[in-house]
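Heads up, the thing below is written out as structure tokens.
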Amino acid sequence: MKEKIKIKLKISQNNHKGPNFRVLCDDTVLDECVNYKEDMYENSFELDLDKGKHQLVLEHFGKHPRDTDSVAKQDVAVQLVDLTFNGVKCDPVDLHENYFYPTKWPYPLELKMKNNLYFGYNGHYRYCFETPSTGWVLGQKKKHQKQLSEIEDFQISEDEFISRLETHIKKESNLVLSQGNTDL
């Protein structure tokens, strides 16, 4: 089945080097960028995938710890900003639920990292999904969204909001006070 995957990455670079990264779906390389020097990376991929489980992989490679300049606050890294399947944007909570697996780093690190979309180490991030992907993404959104009541036409001034809030607080205080008096 046809799937359109769109990826948006924020790029961090120092004065001498940009990051190296690959985009893969399952074991197929979709794109590879070496010494990428733009501030953002955006690309769309149209794939014909079988129904079932798949992995989108973002791999950051070729970085050395000295590529991070803490004095100038410059780093060589890739940050996942957006991931979209067939025009449906993934929920940020869902993106954070997947793991980044550091590789080829000279210092000890955790074997996998969760809740991190900033890839400053060499390694790969795996977004696991199922096709048809639109149903998968919508299901993940539903799973991760909190039940919030919708507020329609919530266009009031800050002063009006404060006034309404103060009125509500007074009503709540009076209610608490009146309930407290009946307990005596």
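Just wondering, is there one or more residues in the stretch 57-70 that are among the hydroxyl-bearing types (Ser, Thr, Tyr) and part of a strand (DSSP E or B)?
Just the residues of the stretch 57-70 that are among the hydroxyl-bearing types (Ser, Thr, Tyr), to begin with: 68, 70.
Adding the requirement that they be part of a strand (DSSP E or B) leaves none.
No; the residues of the stretch 57-70 include none that is among the hydroxyl-bearing types (Ser, Thr, Tyr) and part of a strand (DSSP E or B).
Yes or no, residue by residue, for (1) over 22 Å from Asn43 (Cβ atoms); (2) modelled with pLDDT under 95; (3) of a type outside the set (D, E, K, R):
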residue	(1), (2), (3)
Val81	no, no, yes
Val93	yes, yes, yes
Glu97	yes, yes, no
Trp105	yes, yes, yes
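Which ones in the stretch 23-52 are surrounded by 12 or more Cβ atoms within 10 Å (Cβ to Cβ) and assigned to a strand (DSSP E or B)?
Across the stretch 23-52, the qualifying residues are Val23, Leu24, Cys25, Leu30, Asp31, Glu32, Cys33, Tyr41, Asn43, Phe45, Leu47.
I'd like to check something: does the stretch 59-67 contain any residue that is out of contact with any strand residue (DSSP E or B) (no Cβ under 6 Å at 6 or more places or on another chain) and surrounded by 14 or more Cβ atoms within 10 Å (Cβ to Cβ)? Steps first, answer last, please.
Of the stretch 59-67, the ones out of contact with any strand residue (DSSP E or B) (no Cβ under 6 Å at 6 or more places or on another chain) are 63-67.
Narrowing further to those that are surrounded by 14 or more Cβ atoms within 10 Å (Cβ to Cβ): 63, 67.
Yes, the stretch 59-67 contains a residue that is out of contact with any strand residue (DSSP E or B) (no Cβ under 6 Å at 6 or more places or on another chain) and surrounded by 14 or more Cβ atoms within 10 Å (Cβ to Cβ).
I'd like to verify a number: residues in the stretch 84-115 that are assigned to a strand (DSSP E or B) and within 25 Å of Lys6 (Cβ to Cβ), how many?
Adding up the residues that qualify gives 9.
Residues of the stretch 65-96 being of a type outside the set (A, V, I, L, M, F, W, C) and free of Cβ contacts under 8 Å to residues at least 40 places away in the same chain, which ones? Before the answer, list the steps.
Initial filter on the stretch 65-96 (of a type outside the set (A, V, I, L, M, F, W, C)): 65-70, 73-75, 79, 82, 84, 86-87, 89, 91-92, 94, 96.
Within the stretch 65-96, Arg66, Ser70, Lys73, Pro92, His96 qualify.
Any idea how many residues of the stretch 144-181 are of a type outside the set (Gly, Ala, Ser) and either modelled with pLDDT of 85 or more or in a loop (DSSP other than H, G, I, E, B) (or both)?
The number of residues fulfilling the criteria is 11.
Hey, any hits in the stretch 7-21 for a residue that's on the phi > 0 side of the Ramachandran plot, part of a loop (DSSP other than H, G, I, E, B) and surrounded by fewer than 19 Cβ atoms within 10 Å (Cβ to Cβ)? Talk me through it step by step, then tell me what you get.
Let us first name the residues in the stretch 7-21 that are on the phi > 0 side of the Ramachandran plot, namely none.
No, every residue in the stretch 7-21 fails to be on the phi > 0 side of the Ramachandran plot, part of a loop (DSSP other than H, G, I, E, B) and surrounded by fewer than 19 Cβ atoms within 10 Å (Cβ to Cβ).
The values are calculated or read from the model by the stated rules, or taken from the named source; none is laboratory data. From a predicted model like this one, the values you see are computed outputs, not experimental measurements. Neighbour counts run over all protein chains shown; Cβ positions are idealised from the backbone, glycine included.
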